[in-house]
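Student: Have a look at the structure that comes next, please.
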Amino acid sequence: GAVVSQHPSWVICKSGTSVKIECRSLDFQATTMFWYRQFPKQSLMLMATSNEGSKATYEQGVEKDKFLINHASLTLSTLTVTSAHPEDSSFYICSAPGTTRGYNEQFFGPGTRLTVL
Amino acid sequence: AQSVTQLGSHVSVSEGALVLLRCNYSSSVPPYLFWYVQYPNQGLQLLLKYTSAATLVKGINGFEAEFKKSETSFHLTKPSAHMSDAAEYFCAVTPGAAGSNYKLTFGKGTLLTVNP
């Protein structure tokens, strides 16, 4: 089946530094990937849609300059949290759409736990 | 526009008892509906999905859900709970085949605890 990986699985950084999170589709190509943010005991909130070869589409209220998204290839999207602050601490999950027996489905990565000190 | 409402942020059952997690949706186009499970500090795993075929959908781990258009519901059930079912469950909706952009809208989730 389709597999999506994320790296790193967890990261701790100091306030003011930038952190890059990778999302890879391992056995399929994805022209679109999605980035979600999940606060403790809450649901997933879509942050942005990553489009291969073009600019990402951000959801309302998400700071484009803070959360930089690059979709450089058909199997890799990266999310960079710039000048991270403690309030950026969260669980970040990516997903990539594919098809299973002709039906749309999203395949989720295992998530990245970001802690900003 | 789409939305999902999960009734009950926390459901507690005894091992062996029936599990019922409720999900109601709103969609301006025929929807695809999904149930996902999330274990602590992990991503989401698909339990089952409705994609306009059979209204009773069977998924993994003994779960099933029934799409009821008249009630705009997609409740998740399992006849007999296991301890390993303890997790967070999310219902999600996306536009169906026509005009689908793959975007998922999630409910707020229901935490299922299973008591021995």
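Student: For segment B:86-96, indicate whether the set of residues that are over 21 Å from residue A:97 (Cβ atoms), among the β-branched types (Val, Ile, Thr) and out of contact with any helix residue (DSSP H, G or I) (no Cβ under 8 Å at 6 or more places or on another chain) is non-empty.
Tutor: no
Student: Also, I was wondering about something else. Which residues, counting only those in segment A:68-101, are in contact with a helix residue (DSSP H, G or I) (Cβ under 9 Å, 6 or more places away or on another chain) and among the basic types (Lys, Arg)?
Tutor: Once the filter is applied, which keeps residues that are in contact with a helix residue (DSSP H, G or I) (Cβ under 9 Å, 6 or more places away or on another chain) and among the basic types (Lys, Arg), segment A:68-101 yields nothing.
Student: Continuing with this model, one more query. Taking the condition of being under 16 Å from the mean Cα position of the chain (by Cα) and assigned to a loop (DSSP other than H, G, I, E, B), how many residues in segment A:30-52 meet it?
Tutor: Residues meeting the conditions: 5.
Student: OK, next. Of the numbered conditions (1) surrounded by 13 or more Cβ atoms within 10 Å (Cβ to Cβ); (2) farther than 15 Å from residue A:112 by Cβ; (3) within 11 Å of chain B (Cβ to nearest Cβ), residue A:41 satisfies every one except a single condition; which is it?
Tutor: Residue A:41 satisfies all of (1) surrounded by 13 or more Cβ atoms within 10 Å (Cβ to Cβ); (2) farther than 15 Å from residue A:112 by Cβ; (3) within 11 Å of chain B (Cβ to nearest Cβ) except (1).
Student: Can you tell me how many residues in segment A:65-112 are modelled with pLDDT of 95 or more and among the basic types (Lys, Arg)?
Tutor: Result for segment A:65-112: 1.
Student: Quick one: residue A:32 ticks every box in (1) more than 24 Å from residue B:31 (Cα to Cα); (2) of a type in the set (Ser, Thr, Tyr); (3) touching a residue at least 40 places away in the same chain (Cβ under 8 Å) bar one, so which box is it?
Tutor: (1)
Student: In addition: Identify the single condition in (1) assigned to a strand (DSSP E or B); (2) within 15 Å of the chain's Cα centre (by Cα) that residue A:105 does not satisfy, given that it satisfies every other one.
Tutor: Every listed condition holds for residue A:105 apart from (2).
Student: Please note which strands (runs of 3 or more DSSP E) are completely contained in segment B:3-116 and include at least 1 residues that are surrounded by 13 or more Cβ atoms within 10 Å (Cβ to Cβ), β-branched (Val, Ile, Thr) and within 14 Å of chain A (Cβ to nearest Cβ).
Tutor: B:31-38, B:56-58, B:87-95, B:110-115
Student: Turning to a different aspect of this structure: If you take the residues in segment A:4-26 that are touching a strand residue (DSSP E or B) at 6+ places or on another chain (Cβ under 7 Å) and assigned to a loop (DSSP other than H, G, I, E, B), which one is nearest to residue A:117 (Cα to Cα)? It would help to see each step written out before you state the result.
Tutor: Looking only at segment A:4-26, we keep the residues that are touching a strand residue (DSSP E or B) at 6+ places or on another chain (Cβ under 7 Å), and these are A:4-13, A:15, A:18-26.
Checking which are assigned to a loop (DSSP other than H, G, I, E, B) leaves us with A:8-9, A:15, A:18, A:26.
Details: A:8: 17, A:9: 17, A:15: 6, A:18: 12, A:26: 32 Å.
So the residue we want is A:15.
The values are calculated or read from the model by the stated rules, or taken from the named source; none is laboratory data. Quick caveat, the model's predicted, so the values are computed rather than measured. No Cβ is skipped: glycine too gets one built from the backbone with ideal geometry, and neighbour counts run over all protein chains shown.
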